[in-house]
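Any read-out appearing in this document is the output of simple, stated calculations on the displayed coordinates, not a laboratory observation. The structure displayed is predicted, hence computed values, not measured ones. A quick note on method: Cβ atoms are made from the backbone with ideal geometry, for glycine too, and the neighbour counts reach across all protein chains shown.
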Amino acid sequence: MIQSSSDVHHTNTSHPDFNNTEIAFKGKTDKDLNRAYWLFKIISSSFLTKIGPVLANTAIKTGLPVFPLIKKTIFAQFCGGETIEECNATIEQLAKGGVGTILDYSVEGGQQEESFIHTAEEILAIIRKAKNDPQIPLTVFKPTGIIRFELLEKVSAKDALTVAEQAEYFKAKARINQICRLAYDLDVPVMIDAEESWIQNAIDDISTEMMRMYNRDRAIVYNTYQLYRNDKLSSLKADIFLAEADGFIMGAKLVRGAYMEKERERALNMGYPSPINTDKTATDNDYDEAVKFCVEHIEHTALVAGTHNEQSCRLLVNLIDQHGLPHNHPHIYFSQLLGMSDHLSFNLGNAGYNVVKYVPYGPVRSVLPYLFRRAEENTSIAGQTGRELKLIMIEKKRRR
Ligand SMILES: Cc1cc2nc3c(=O)[nH]c(=O)nc-3n(C[C@H](O)[C@H](O)[C@H](O)COP(=O)(O)OP(=O)(O)OC[C@H]3O[C@@H](n4cnc5c(N)ncnc54)[C@H](O)[C@@H]3O)c2cc1C
């Protein structure tokens, strides 16, 4: 069992050693390790990562039975199962290593009312499952799973809505309120993922509204800040001041941001200045500055550091020390994705920090876009796949 965020302990003062592969891969059998090794090898080839989705889609269209193969390989690496129940083994496995679970319903694309209703029901089921379960300390949802993308875009641009659109938006916001309300009633924090900048204003406004209502005593609702955006460090600071002045707890998930190429391309095509920082160093600086600012305002701010960046994790570890905070301060979580950066998650968990992994789930066919994105991301992030491979090889050698 992982520790409850409320039973703060002061005994574990050891620092995590991110090179400890024994702890990092303790829950992996030799077979799991071999699968991970080959997967990251394949993913590291940008050629294979590009043709993989094409091959998979062609195979699906021609009726070849590829789903069992996908389920045993890339799905097994990055997903917990096809249903909430199927994720139980993964939840237990992570908990053994001191790591919590965020069940992430990763079905994408459906932009019809019935799909939104279904997704909202799934999120409510996750919140109910998380109630009183210290192994699931946080929950999450993606706004475009609940509200139509074009509607969010129109609201973000402050375009006038038709009467029908106003009614649709009202209904969609009511669905989000229902989710946050249940999270509040059952005392289960819920995070709202961040998406493209041109729909984000609407998401930010809804998140603030929800926080104002439900974060009076503790952090129930978290918004997400993408620090690759050149305006997000200042808006995070402004929002923290607002929360302090207004008397609610600010919930902030900090990420670098996942839509960089798309953002730059749209800005270029439409002729407006790119909202993305000019280089990686600027993003890294903003991210680390955001982490520092949150820790400096930890009384009124609850922070989830969603990152695979070792430097940023180390920074947060040091800040916790410098401010004399317990490792498992209820306002501080580290978070990574299932199947990635186990050397961070499990070594942090072992040293008594609050760590949670996103555990994506859903029918294999429906989570394919998520899986292809993971593959692509691991190819495009210089060094990330190399690091994963190196650590797996060290552990394979250690076990011989
Ligand atoms: C738990 C968790 C939750 C997440 N939730 C979200 C979410 O809600 N919304 C979302 O958008 N993403 C989300 N992400 C993904 C995240 O935004 C990053 O894409 C991913 O984690 C890689 O960043 P990093 O900090 O792990 O590592 P790093 O490898 O250090 O950073 C890579 C990131 O740096 C930025 N970057 C790279 N090159 C440049 C450049 N030339 N100029 C400027 N910036 C650059 C990009 O954001 C890139 O993704 C989440 C990630 C995690 C682990």
Of 95-105, 161-171, ordering from highest average Cβ density within 10 Å down gives 95-105, 161-171
For ALA302, the residues 5 or more places away or on another chain with a placed amide H closer than 5 Å to its own amide H are MET250, GLY251, ALA252
Under 5 Å from the placed amide H of ILE276, counting only residues 5+ away or on other chains, we find ASN230
Going from the fewest other Cβ atoms within 10 Å to the most, one would list ASP239, ASP17, ASP284 as ASP17, ASP284, ASP239
With the 8 Å Cα cutoff and a minimum separation of six or more residues, the range 224-299 has a relative contact order in percent of 43
Diffing the range 315-330: the Karplus 3J(HN,Hα) column from phi (6.51, -1.76, 1.60, θ = phi - 60°), in whole Hz with x for Gly and Pro, holds 4, 5, 4, 5, 5, 4, 5, 4, 8, x, 8, x, 4, 9, 4, x
Karplus ³J(HN,Hα) for the range 71-79 (6.51 cos²θ - 1.76 cosθ + 1.60, θ = phi - 60°; Hz, whole; x = Gly/Pro) runs 4, 7, 10, 5, 5, 4, 6, 10, 10
For ALA157 and LEU69, extending 7 Å from Cα along the Cα-Cβ vector and measuring point to point gives, in nm, a value of 4.3
Dividing the mean separation of Cα pairs under 8 Å (6+ apart) by the residue count of the chain yields a relative contact order in percent of 27
Note on the chain: alpha-carbon gyration tensor, axes a ≥ b ≥ c; rule is a/c under 1.5 for rounded, else prolate if a/b larger than b/c, else oblate; result rounded
For ILE102, the residues 5 or more places away or on another chain with a placed amide H closer than 5 Å to its own amide H are LYS357, TYR358, VAL359
FRET efficiency for LYS41 and ALA258 from the Cβ-Cβ distance with R0 = 35 Å, rounded to 0.05, comes out at 0.90
For the range 288-302, in residue order, the Karplus 3J(HN,Hα) values (coefficients 6.51, -1.76, 1.60; θ = phi - 60°; whole Hz; Gly and Pro = x) are 5, 5, 5, 4, 4, 4, 5, 5, 5, 10, 5, 4, 10, 10, 10
From DSSP H assignment alone, runs of 4+ in the chain each adding -39500 (n - 2.57), the sum over residues rounded to the nearest 500 puts [θ] at 222 nm at -17000 deg cm²/dmol
Given unit charges at Cβ for Lys, Arg (+) and Asp, Glu (-), the dipole magnitude of the chain about its Cα centre in debye, nearest 20, is 1500
The range 274-314 scanned against label point 7 Å out from ASP321 along Cα→C-beta; backbone N under 13 Å for 314
With Cα springs under 10 Å, the Gaussian network model of the chain assigns the largest mean-square fluctuation among SER207, SER234, SER197 to SER234
